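Handing you this structure, nothing more for now.
The values are calculated or read from the model by the stated rules, or taken from the named source; none is laboratory data. These figures come from a predicted structure and were not determined experimentally. Note: ideal-geometry Cβ built from the backbone for every residue, glycine included; neighbour counts use all protein chains shown.
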Amino acid sequence: MSEEKKEEIQTEEVLENETEVLVEEEVSAVEETIESVKADLEAKLKEAEDKYLRVHADFENIKKRLEKEKYNAIDYASEKFAKDLLSPIDSLEMALAAEEAASDLSSDELLAKLKEGVELTIKNFYTAFEKHDITVVETDGEFDPNFHDAVMQIPSPDHEDGHIVQRLQKGYKLKDRLLRPAMVSICKK
């Protein structure tokens, strides 16, 4: 072989070696870049998973707290309070009516004080009712089955057919919700 050919072969071998070295260096650089990107992505994934778990835990805690608050609101609603006050006020009003019927007793002063106490108690009840938006169901006029409970029908020349003649027991509303219908007698002609 000639010298030129030897040199050409040597040059080609050197070029191949250099090319291999350059390719290996580039492959190594790409692999390092891939590893670096992979490590960054894994760190970001771990951070995202951590954020997700925290948000999920916060959501579950909020959900449990709201559920507990909902049940507390139901358990302690003022409607129960209002219904519990209806019987005592009825009893006091009946005591007041009985006192008026028995006013001819010799202990008029005692009865007057009893009456005054009952009146003040009823006034306090109505003040509490106003405070909690509790109102008495109106019983003047025509019978309304949404607010009245007709327990008897009586003839009355002073009333039209289907109108309320007498209220037997007061009815009450909490805002727009009926707590108890008014017991009434209605006119039947």
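Just wondering, is there one or more residues in the range 26-42 that are farther than 30 Å from Leu178 by Cβ, modelled with pLDDT of 90 or more and among the small types (Gly, Ala, Ser)?
Taking every residue of the range 26-42 in turn, at least one turns out to be farther than 30 Å from Leu178 by Cβ, modelled with pLDDT of 90 or more and among the small types (Gly, Ala, Ser).
Do the conditions hold for Glu49, that is, is it in a helix (DSSP H, G or I) and over 57 Å from the mean Cα position of the chain (by Cα)?
no
Mind listing whichever residues of the range 124-136 are part of a helix (DSSP H, G or I), surrounded by 13 or more Cβ atoms within 10 Å (Cβ to Cβ) and under 27 Å from the mean Cα position of the chain (by Cα)?
Within the range 124-136, Ala128, Phe129 qualify.
Just to be sure before I move on: is Lys70 closer than 30 Å to Gly171 by Cβ and at pLDDT 90 or above in the structure I sent?
Spelling it out, Lys70 is indeed closer than 30 Å to Gly171 by Cβ and at pLDDT 90 or above.
So which residues in the range 73-86 are more than 12 Å from Ile134 (Cβ to Cβ), outside any loop (DSSP other than H, G, I, E, B) and at pLDDT below 75, if there are any at all?
Lys80
Answer with yes or no whether Thr139 is farther than 20 Å from Phe81 by Cα and either surrounded by 12 or more Cβ atoms within 10 Å (Cβ to Cβ) or at pLDDT 80 or above (or both).
yes
Mind checking whether some residue in the range 102-117 is modelled with pLDDT of 75 or more and outside any helix (DSSP H, G or I)?
no
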